[in-house]
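Enquirer: Dropping the structure in here first, questions after.
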Amino acid sequence: MPEKKIKIKKKSIGHKFEAIHRSRELAVQFLYSLDIYPEQDFNASLELFMNLDDVAKNDTPEVKKRCRDLSVQVWNRKNEIDSVLLRVVTGWTPDRMMSVDRTILRLMVLEGFLEKTLPFRSAITEAARLANDFGTKNSARFINGVMYKVEKFFNEDSDAVRSEE
């Protein structure tokens with residue numbers, strides 16, 4: 001009997017992580033569309049996106065809410081996130097990056113390093129997974145390298161704050 005409970009618990013945990021991943025996938029797709037067509041109205045575009053038959057219409061309310069929240073946070077903190085990317089990526093300004101790579105990096109820098117809603121290593125892994133889903137054959141390697149530089153930047157920054165105390 002206890003084995004069944006463990007299996008059920010693992011399955012529900014896996015489902016939870018897949019739902020979170022799905023919300024990130026949707027956020028990447030939506031933010032990418034804004035990146036390609038920046039003249040769009042954010043709120044109107046988000047509402048339209050959430051109700052498209054072939055995109056998010058059939059997702060759960062929890063997935064949609066998380067997608068909305070992530071999209072709003074990334075959109076509102078885009079300049080702050082881009083300034084982090086400018087500090088860590090040599091020879092590549094955010095506007096020179098492929099739009100989908102830039103979008104994934106923005107989302108994962110927000111979650112893993114600014115908001116800290118996701119452990120660093122998990123953010124790096126999730127960024128690579130999203131890059132494999134949406135990017136080119138070189139996206140995962142590029143994003144992985146940038147995310148490691150972001151991690152190093154934030155670790156050095158926190159070390160500097162600790163040494164000042």
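No value in this document is a laboratory result; all are computed from the given coordinates. Quick caveat, the model's predicted, so the values are computed rather than measured. All Cβ positions, glycine included, derive from the backbone under ideal geometry; neighbour counts span all protein chains shown.
Enquirer: Rounded, prolate or oblate: which fits the range 6-103, taking a ≥ b ≥ c as square roots of the Cα gyration tensor eigenvalues, rounded meaning a/c under 1.5, else prolate when a/b beats b/c?
Expert: Judged from the Cα gyration tensor, the range 6-103 comes out oblate (a/c at least 1.5, b/c at or above a/b).
Enquirer: How big is Rg to Rh over the range 77-165, alpha-carbon atoms, Rh as the Kirkwood inverse-mean-distance radius?
Expert: Checking Rg against Rh, the ratio lands at 0.97.
Enquirer: Using the count of nearby Cβ atoms within 10 Å as a rough guide to exposure, how do ARG96, ARG77 rank from fewest to most?
Expert: ARG96, ARG77
Enquirer: Translational D (Stokes-Einstein, µm²/s) of the chain at 10 °C and 1.306 mPa s when Rh comes from the Kirkwood sum over C-alpha pairs?
Expert: D, rounded to a whole number, is 94 µm²/s.
Enquirer: Using the Cα centre of the chain as the reference point, and only Cβ charges (+1 on K/R, -1 on D/E), how large is the resulting charge dipole? Debye, rounded to the nearest 20.
Expert: Here the size comes out at about 940 debye.
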